[in-house]
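Asks: Would you mind keeping the following structure in view while I ask a few things?
The values are calculated or read from the model by the stated rules, or taken from the named source; none is laboratory data. Because the structure is predicted, anything quoted here is derived from the model rather than measured. Quick reminder, even Gly has a Cβ in these numbers, built from the backbone with ideal geometry, and neighbours come from all protein chains shown.
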Amino acid sequence: MLEGLDPEQREVAMALHGPVCVLAGAGTGKTRAITHRIAYGVRAGILPPSSVLAVTFTNRAAGEMRGRLRQLGAQGVQARTFHSAALRQLQYFWPKAIGGSLPRLVDRKVQLVADAAAALGTRLDRNELRDVTGEIEWSKVTQTVPTDYPYAAAKAGREAPRDPAEIAHLYAAYEDLKRDRSLIDFEDVLLLTVAVLQDRRDIAEQVRAQYQHFVVDEYQDVSPLQQRLLDLWLGDRDNLCVVGDASQTIYSFTGATPDHLLDFRTRHPGATVVKLVRDYRSTPQVVRLANGLLAQARGRAADHRLELVSQRPPGPEPVHTEYTDEPAEAEGAARRIRELIDAGVPAAEIAVLFRTNSQSETYEQALADAGVPYQLRGAERFFDRPEVRKAGIALRGAARFGGNDSLLDDVVDLPSQVRAVLSGEGWSSEPPAGSGAVRERWESLAALVSLAHDLAAARPGAALADFVAELDERANAQHAPTVQGVTLASLHAAKGLEWDVVFLVGVAEGMLPITYARTDEQVEEERRLLYVGVTRARERLHISWSLSRSPGGRPHRRPSRFLDGLRPGTTATVGPAGTGAGGSVERGAGGGAAPVQRRAQRTPARCRVCGRTLTDAGEMKLMRCEDCPSDMDEGLYERLREWRAVQAG
Ligand code: ATP
Ligand code: MG
């Protein structure tokens, strides 16, 4: 179990009791070390599997960890996201803590916001609806109640899509509507679990009796609410192992800070602290670029940076390419990807990573045109896709009546049954030659078929009803099945993952850093996003940007300031269809004048409860003076009271 670990990783694996903190850069084997630690503890009989709760950041990471643990002979350990662990607990305790059974989860949040807007007589177009939904989500993860939204949004430098007071009303109306329809949303799951555990000592004790050992991956991005949940799980114990990399903090917008990681020893005196620097993931060429980015970083996270030392043989230098416009950039990437696949690189080993989900469409189109299968990660929720919802209805119907239906009598195995139902919905097992959307719909349904194969392999004899139950569970946990193909993902969704070949696209000023990153802190977070992107690559890294958005547009963009001094002095500009029509442009290694950083106007910090001007740094962080009660607790209890009132009729 300890084989395949270096001495420091082994130290982590063997420290099975007491608080442990691993501070290490990307690709140094943090996730591997904690997975082996759990397996070692379980196999040595020191950690009972059912007493371990491992928390990772994404469902994919949780699934991978469960798979690894199975391979290492440590079944039965819970490896989940904070959200899915909380959902399970809430489901279990809801009848006792609140009454009735757990309300359904909102499955179309944007529609619910639209209904709330309609109830208020507010007209919102599609983009505004999406943006307002985003503001509501942000408010909830940062525990901002509707009345506080205008102040909190201004303080956080949010670009409100509407008058902040109006958004506060929409947010309140959304909450009311949700409760009236007896629904809870994704964010409520954490909020309500924390509230129940805080409110009911007996329930908290029951959870603590079940879980004795906690492991948290990607701890640098833990939000205050997640930290609160973790504290409630732990009680007064400290069997906690956390791993993280302050240089990869990229979720500040949820209130996450690397402070929990960096202050771990202060909170847990006597903690074992281990640092890892050997990078097992990337070639020295990729690591050099990653170290170069870190060297320019500023701020608290950067003060704790650890220079990476590559353990891999040399590979190709990262390729930097400048394109005249975005479609040319997408086409260029798709062409190279096609060449790589034709040369034998598996599509699943290639990723295209971008800053904002709105960039994905151009790349989807270009990949579809080049006949390259792809999967989208972290953009649209898989189970919300219309074709998946429709397929779910058909499968549910077939599961219920299948026994009497001749569309299934002759078909014995589960994958064939699923295929038969989907064929009834017009799906064919041959991929269509068509464009992006058609292809994507086909891929979604193909993913359901491969899920049926997975389930049949894991549980021989599984029936259609089991498959439907599996789909429901995954939909609740937003655990999308893997679609074969090139991964298209935002940088945020790519954390913790790795591919042989990574295309980082749109690395231009205005995209990375994104225009609305104004304060120094926000710009630093953008730099960390690029660091996360670069360190996803094992072998080959392609970095590109384009000078204008659309063909024939004014070439007003310049490469990201973060690449200054780190990219080759001469960069070829590639025109439409890879003609090289733009010729070559000479650029000094410095890449032009440094752009002027704009600073957000600072409003004086005031207590959110009494309005007193704050000067103390600690108080300013909380936006609340020490004398005032925490409105977070009030907000949490308010939710509990409301739900109990609903259940009481
Ligand atoms: P990130 O910060 O991106 O989450 P990480 O520190 O969690 O990265 P891992 O994903 O655990 O890193 O490991 C990176 C890669 O290096 C994986 O492919 C892993 O299998 C490999 N690796 C880790 N440790 C070793 C080792 N001691 N020997 C060989 N390969 C290793
Ligand atoms: Mg990791």
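Asks: Scan the stretch 534-555 for residues that are within 16 Å of ligand 1 (Cβ to nearest atom) and either of a type in the set (D, E, K, R) or in the same structural domain as GLY244 (by TED's automatic domain parsing) (or both) and report the count.
Replies: Qualifying residue count, the stretch 534-555: 4.
Asks: Sort out for me the strands (runs of 3 or more DSSP E) sitting completely within the stretch 499-576 that have 1 or more residues that are of a type in the set (Lys, Arg) and closer than 28 Å to LEU306 by Cβ.
Replies: Counting at least 1 such residues, we get 537-548.
Asks: Return the residues of the stretch 1-10 that are under 30 Å from ARG288 (Cβ atoms), in a loop (DSSP other than H, G, I, E, B) and in contact (Cβ under 8 Å) with a residue 40 or more places away in the chain; say none if nothing qualifies.
Replies: Of everything in the stretch 1-10, just one residue is under 30 Å from ARG288 (Cβ atoms), in a loop (DSSP other than H, G, I, E, B) and in contact (Cβ under 8 Å) with a residue 40 or more places away in the chain, namely ASP6.
Asks: Pick out, from the stretch 42-141, the helices (runs of 4 or more DSSP H) lying fully within it that include 3 or more residues that are in contact with a helix residue (DSSP H, G or I) (Cβ under 9 Å, 6 or more places away or on another chain) and among the basic types (Lys, Arg).
Replies: Because the criterion is at least 3 residues that are in contact with a helix residue (DSSP H, G or I) (Cβ under 9 Å, 6 or more places away or on another chain) and among the basic types (Lys, Arg), the helices (runs of 4 or more DSSP H) in the stretch 42-141 that meet it are 126-141.
Asks: Could I ask something else about it? Any idea which of GLY67, GLY134, GLY63, GLY121 is within 16 Å of ligand 2 (Cβ to nearest atom) and farther than 22 Å from LEU230 by Cα?
Replies: Checking each option against the conditions leaves just GLY67.
Asks: Can we say ARG298 is more than 16 Å from ligand 1 (Cβ to nearest atom), among the basic types (Lys, Arg) and more than 30 Å from PRO19 (Cβ to Cβ)?
Replies: Judged against the criteria, ARG298 is not a match.
Asks: Look through the stretch 259-275, keep the residues that are within 13 Å of ligand 1 (Cβ to nearest atom) and over 24 Å from the mean Cα position of the chain (by Cα), and return whichever of them is farthest from GLY27 (Cα to Cα).
Replies: Filtering first and then ranking leaves VAL274.
Asks: Quick one: in the stretch 29-57, of everything that is without any contact (Cβ under 8 Å) to a residue 60 or more places away in the chain and among the hydrophobic types (A, V, I, L, M, F, W, C), which residue is farthest from ligand 1 (Cβ to nearest atom)?
Replies: Going through the qualifying residues, I end up with ILE46.
Asks: Follow-up question, since we're still on this one. Can you tell me which residue in the stretch 11-27 is nearest to ligand 1 (Cβ to nearest atom), limited to those that are assigned to a strand (DSSP E or B) and out of contact with any Leu (no Cβ under 6 Å at 6 or more places or on another chain)?
Replies: The residue in question is VAL22.
Asks: On to the next question. Evaluate the stretch 76-88: report whether one residue or more is more than 16 Å from ligand 1 (Cβ to nearest atom), under 30 Å from LEU2 (Cβ atoms) and modelled with pLDDT under 90.
Replies: Yes, the conditions are met somewhere in the stretch 76-88.
Asks: Looking at (1) out of contact with any strand residue (DSSP E or B) (no Cβ under 7 Å at 6 or more places or on another chain); (2) under 17 Å from GLU187 (Cβ atoms), find the lone condition where PRO103 falls short.
Replies: Condition not satisfied by PRO103: (1).
Asks: Does the stretch 222-258 hold any residues that are within 16 Å of ligand 1 (Cβ to nearest atom) and either out of contact with any Lys or Arg (no Cβ under 8 Å at 6 or more places or on another chain) or β-branched (Val, Ile, Thr) (or both), and which are they?
Replies: Within the stretch 222-258, VAL222, VAL242, VAL243, THR249, ILE250, TYR251, ALA256 meet the criteria.
Asks: Now a separate question. Quick test of your reading of the structure: ARG312 fulfils all but one of (1) closer than 21 Å to ALA493 by Cα; (2) not in a strand (DSSP E or B). Name the failing condition by number.
Replies: Checking ARG312 against (1) closer than 21 Å to ALA493 by Cα; (2) not in a strand (DSSP E or B), the one that fails is (1).
Asks: Out of the stretch 214-236, which residues are in contact with a strand residue (DSSP E or B) (Cβ under 9 Å, 6 or more places away or on another chain), surrounded by fewer than 23 Cβ atoms within 10 Å (Cβ to Cβ) and outside any helix (DSSP H, G or I)?
Replies: PHE214
Asks: With within 16 Å of ligand 2 (Cβ to nearest atom) and of a type outside the set (A, V, I, L, M, F, W, C) as the only criterion, which of TYR211, TYR149, TYR219, TYR174 stands out?
Replies: One residue alone meets the criteria, TYR219.
Asks: Search the stretch 88-113 for residues that are on the phi > 0 side of the Ramachandran plot and pair each with any residue that is in a loop (DSSP other than H, G, I, E, B) when their beta-carbon atoms are under 9 Å apart and the residues are at least 6 apart or on different chains.
Replies: Qualifying pairs under 9 Å: GLY99/ALA648; GLY100/SER182.
Asks: Given the conditions (1) touching a helix residue (DSSP H, G or I) at 6+ places or on another chain (Cβ under 7 Å); (2) without any contact (Cβ under 8 Å) to a residue 24 or more places away in the chain, report the number of the one that PRO269 does not fulfil.
Replies: If we test PRO269 against (1) touching a helix residue (DSSP H, G or I) at 6+ places or on another chain (Cβ under 7 Å); (2) without any contact (Cβ under 8 Å) to a residue 24 or more places away in the chain, just (1) comes out false.
Here is a yes/no grid of residues against (1) closer than 19 Å to SER252 by Cβ; (2) in the same structural domain as THR56 (by TED's automatic domain parsing); (3) within 11 Å of ligand 1 (Cβ to nearest atom):
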| residue | (1), (2), (3) |
| --- | --- |
| LEU497 | no, no, yes |
| GLY506 | no, no, no |
| THR515 | yes, no, no |
| GLU525 | yes, no, no |
| VAL532 | yes, no, yes |
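Asks: Pairs, please: C-beta under 7 Å, at least 6 apart or cross-chain, first residue more than 16 Å from VAL77 (Cβ to Cβ) and in the stretch 198-221, second within 16 Å of ligand 1 (Cβ to nearest atom) and among the basic types (Lys, Arg)?
Replies: Partner pairs satisfying both residue conditions: GLU218/LYS495.
Asks: Could you say whether any residue in the stretch 494-514 is at pLDDT 95 or above, surrounded by 21 or more Cβ atoms within 10 Å (Cβ to Cβ) and within 16 Å of ligand 2 (Cβ to nearest atom)?
Replies: Yes - at least one qualifying residue is present in the stretch 494-514.
Asks: Give the number of residues within the stretch 142-160 that are outside any helix (DSSP H, G or I) and either more than 23 Å from the chain's Cα centre (by Cα) or without any contact (Cβ under 8 Å) to a residue 12 or more places away in the chain (or both).
Replies: So the count comes out to 2.
Asks: Which condition breaks for ALA302 when tested against (1) touching a helix residue (DSSP H, G or I) at 6+ places or on another chain (Cβ under 8 Å); (2) crowded, with 17+ Cβ neighbours inside 10 Å; (3) in a helix (DSSP H, G or I)?
Replies: (2)
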